[in-house]
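These notes concern the structure reproduced below.
The values are calculated or read from the model by the stated rules, or taken from the named source; none is laboratory data. None of these values were measured; they are calculated from a predicted model. Neighbour counts run over all protein chains shown; Cβ positions are idealised from the backbone, glycine included. To get the accessible areas, we keep the full protein, side chains included, count just its heavy atoms, and leave off ligands, DNA and RNA. Shrake-Rupley method; radii C 1.70, N 1.55, O 1.52, S 1.80 Å.
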Amino acid sequence: MDVSRFSNWHRLLRAAAYILRAVQRFKGKKALQTTFLVKKELVEAEMLIWRQVQAESYPDECTILWRNLTEPSKAITIPKSSPLYRLSAFIDESGVVRMNSRIAAQPTVSYNTKYPILLPRKHPAVYLLTESYHRRYQHGNGESVCNKMRQRFHVPGLRVLIRRVSKQCLTCRVKKGVPHPHMMAALPETRVTGTIKPFTHTGVDYFGPILVKQGRCLVKRWVALFTCLTVRAVHLEIVHSLSTQSCVMAIRRCVARRGFPETFYSDNGTNFLGASNLLAKQIQDTHENYAVAFTNTNTSWIFNPPFNPYLSK
């Protein structure tokens, strides 16, 4: 059978069972007339697959073991270069190569556990078998698959095979996949220039509202947060409302304490847009009483684009 044509262990096993049933009918022997397969046929098909796998992977070793079984007086030792040299291999009554173990005298352990079947790691049929165990145990921990398989089979480098099956499993790749992190852009000049005074480039935003007790009632107040984009210094101002005039007054108090900044950075809030428009109008109309207290000709206001990860131009 060409095992490489199958992508599922159960399909391979059932195909082998139907082939054996057809061979029995061609030989004129009495075969089951049912359309479904029984346990005996599946067991025989499984032994057939293991004999083929071992004959393809260990041809010289199988020949030596068969000769030792049929001619005990002319027993030949498996060469030291063989992977089966240290495994005490033998052939059972089904023609399958098995391995001796030290628990042969244990009465409560099954025959397959005492004498596990020797299988190569790189054969396609063994890969399909490992994948079936991987799916049977819900794509879980690899040690669970390793434990269950070792109760019947001995596969050198089994954990390596289990990891390869898990990496190629689409369900596991979707379950364990993580988004690829994007490379962050370089910081803007305003964030890395350290030779200027604090609050030369200032970011402004609001947080709140905060409930403040005024007399016998609670009123809402907001806090305007001014932060220096270079040294991350913080200046806080209380804002009575979200109006443009309240924003202007908070900025005037900040400028009176920290000095005139070169640039203001903010989001596209309506109060910030109104403050910026008011600033432009004040400069255009040359209202010096507001312009001197609020800004000068060297100050500009920059609005960040939506979803910007950090303050930038």
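Candidates in the range 95-107 are the residues that are in contact with a helix residue (DSSP H, G or I) (Cβ under 8 Å, 6 or more places away or on another chain) and not aliphatic (A, V, I, L, M); of these, the one that is least open to solvent (accessible area, probe 1.4 Å) is GLY95. Evaluation of ILE302 against the conditions (1) surrounded by 12 or more Cβ atoms within 10 Å (Cβ to Cβ); (2) at pLDDT 85 or above; (3) among the β-branched types (Val, Ile, Thr); (4) touching a strand residue (DSSP E or B) at 6+ places or on another chain (Cβ under 6 Å) shows that the sole unmet condition is (2).
Looking at the structure I just gave you, is ARG216 under 22 Å from PHE264 (Cβ atoms) and open to solvent by 90 Å² or more (accessible area, probe 1.4 Å)? No: the conditions fail for ARG216. Within the range 35-94, the only residue that satisfies the criterion of being surrounded by fewer than 15 Cβ atoms within 10 Å (Cβ to Cβ), closer than 18 Å to TYR18 by Cβ and of a type in the set (S, T, N, Q) is THR35. Taken together, the residues in the range 150-176 that are farther than 30 Å from ASN100 by Cα and assigned to a loop (DSSP other than H, G, I, E, B) amount to 1.
All of (1) open to solvent by less than 90 Å² (accessible area, probe 1.4 Å); (2) more than 28 Å from GLU61 (Cα to Cα); (3) in contact (Cβ under 8 Å) with a residue 24 or more places away in the chain hold for ARG121 with one exception: (2). Among the residues of the range 128-144, those identified as open to solvent by less than 40 Å² (accessible area, probe 1.4 Å) and over 20 Å from the mean Cα position of the chain (by Cα) are LEU128, LEU129, THR130, SER132, TYR133. For the range 1-34, the candidate set comprises residues that are open to solvent by less than 70 Å² (accessible area, probe 1.4 Å), β-branched (Val, Ile, Thr) and part of a helix (DSSP H, G or I); within that set, the residue that is farthest from SER94 (Cα to Cα) is VAL3. Among the residues making up the range 179-204, those that are open to solvent by 70 Å² or more (accessible area, probe 1.4 Å) and either in a helix (DSSP H, G or I) or acidic (Asp, Glu) (or both) are GLU189, VAL192.
One line per residue, one yes/no per condition, for (1) among the small types (Gly, Ala, Ser); (2) free of Cβ contacts under 8 Å to residues at least 40 places away in the same chain:
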site	(1), (2)
ILE91	no, yes
ALA104	yes, yes
THR108	no, yes
ASN112	no, no
THR130	no, yes
HIS139	no, yes
GLU143	no, yes
ARG152	no, no
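Residues that are open to solvent by 80 Å² or more (accessible area, probe 1.4 Å), more than 48 Å from the chain's Cα centre (by Cα) and among the aliphatic types (A, V, I, L, M) within the range 235-271 comprise just one, ALA256. Annotation: ARG221 fulfils all but one of (1) assigned to a helix (DSSP H, G or I); (2) charged (D, E, K, R); (3) open to solvent by less than 50 Å² (accessible area, probe 1.4 Å); the unmet one is (1).
ALA105 meets the stated requirement of being modelled with pLDDT under 90 and either of a type in the set (Gly, Ala, Ser) or outside any loop (DSSP other than H, G, I, E, B) (or both). Against the condition under 29 Å from VAL192 (Cα atoms), open to solvent by 60 Å² or more (accessible area, probe 1.4 Å) and in contact with a Gly (Cβ under 9 Å, 6 or more places away or on another chain), how does VAL231 come out, does it pass? Judged against the criteria, VAL231 is a match.
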